[in-house]
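For reference, the structure discussed in these notes is given below.
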Amino acid sequence: MEDLKPRAGRPTDAAASFDWDALVHDDRVHRTIYTDPDIFAAEMTAIFGGTWTYLAHESQIPENHDFVTTLLGLRPIIVVRDAAGVIRALFNRCAHRGATVCRAAAGSARVFQCPYHGWTYFNTGKLSGVPWPDGYACDFDDAKYNLAQVPRVESYRGFIFGTLNPDAASLVDHLGPMAPIIDQWLDRHPGGRVRLCEANRLKYKGNWKLAYDNSADGYHVKFSHRSLLEMENRLKVGNQKGMSFYKDAPDDAPMYVQYLGNGNHFKDKRPNIEPRPGALWEIEGPHPGMEHFEERLRERLGEAAARALDLCASEPVNINIFPNLLILGNHIQVLQPRAVDETDTTWYGTAVVDDANELDGAVDDVNTLRMRALESFPNFGEVDDAVNFEEIQRGLMAEEDPWVYMHRGLDVPGRVKTDENGVITAPATDEVFMRETFKHWKRLMASPPKLTIQRET
Ligand code: FES
Ligand SMILES: [Fe+2]
């Protein structure tokens, strides 16, 4: 692994340049953590690179030589399954003059040829050749001419993460109590797995943390998503549909929010739903064509249709893995910072994979109906959230009024509970998850790890 030298011409020690305790208090944070470009630049190493960061899903690269391009912070990355089946995260950055060597979003490639001067690399990252080598006196076997790559890439049940921190704990240890929650989310599917589908992409003009702060926020739902709640229930017969458990007094509902360490948090709305097959489907709001598919599934599967229909309905959980992976309902949302005030959010649908035919040939109908349900939130809910993020970013331009409060639940006797493993549980509208995440954020920013890259030898 190569040690990375401080960058010339820039503050090399952001950790020492800011008074982090002055910016992050128990009850509030300072506006500059959302608006300061230097803090953003420091986050791109201390957090995106310094801690395990979600990169891609194994189902996007099922065969050897398959790749997808992504970013790790601002670093362009190729996640590839190489000729030996090893999953690598190559820097998409030519060793010659720095051009990206791969310009496609996804595909299959045994080699990547840089479009600029034609240097060519195997998908292990090793240089395969340069045009007209007679013009060079150097030894191209030197590893410095191979593509840089992320030294640590690990998967947890299909979710691929990478870090440039050689001292990070293993991924599974880092996930800690979040790992069994991911297991539960996957294990309700046949074979315990899903396949990522194409994505719904949305950019907002705001800091990336605004979306992460919001990811377990049960306080805003009734107000920000009023039109969605109304739409879900407009055509209801009998049951209360969709997120109606937010409509009255959400803190009195059996749902809860948990903080699970390392910036990870979990909103569990499943206790709002009766624990019987079919109950989840019964609260699903209206979707085009749903009656037709439901009828077909009931005809084909009989009693087993209830469980199959529950797979079509949105699972009532928010599994938030710091800093950039949000598993919500049946979606995987990925946050991609682009600038201090610009963030891309990508919502991947997930499809059921039924190799063992547990659904008796109905998997295509299940997935069709599931995709209809998946269209709902990104179209009718995420836009509400994105407007809030942009309006916060605008509001935070008021420099003289710098504090952002997140103290809901703080010091309220008996409201927040911590178990013997350190897992913190609170009512659904509590902001304790945000406060704890910012403590973690502050620790990372104040003592960023030394980052390394690796090259094939
Ligand atoms: S920059 Fe890639 S070959 Fe020159
Ligand atoms: Fe929301």
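For the stretch 59-78, what are the residues that are closer than 18 Å to residue 126 by Cβ and assigned to a loop (DSSP other than H, G, I, E, B)? Of everything in the stretch 59-78, those that are closer than 18 Å to residue 126 by Cβ and assigned to a loop (DSSP other than H, G, I, E, B) turn out to be 64, 65. Taking the condition within 17 Å of residue 149 (Cα to Cα), away from ligand 2 (no atom under 16 Å from the Cβ), over 25 Å from the mean Cα position of the chain (by Cα) and among the aliphatic types (A, V, I, L, M), does residue 89 pass? Answer is no for this residue.
Among the conditions (1) in contact (Cβ under 8 Å) with a residue 60 or more places away in the chain; (2) on the phi < 0 side of the Ramachandran plot; (3) surrounded by fewer than 22 Cβ atoms within 10 Å (Cβ to Cβ), the only one that residue 360 does not satisfy is (2). The set of residues in the stretch 96-141 that are more than 9 Å from ligand 1 (Cβ to nearest atom), of a type in the set (Gly, Ala, Ser) and farther than 21 Å from residue 55 by Cα comprises 128, 129, 135, 137.
Applying a threshold of 6 Å to beta carbon distances and a minimum spacing of six or more residues, or different chains, the list of pairs starting in the stretch 375-390 at a residue that is over 14 Å from residue 333 (Cβ atoms) and ending at one that is near ligand 2 (Cβ under 10 Å from one of its atoms) and not in a helix (DSSP H, G or I) reads 384/225.
Every number in this text was worked out from the coordinates using simple rules, so none of it is lab data. Keep in mind the model is a prediction, meaning the values are calculated, not measured. Cβ: placed from backbone, ideal geometry, glycine included. Neighbour counts: every protein chain shown.
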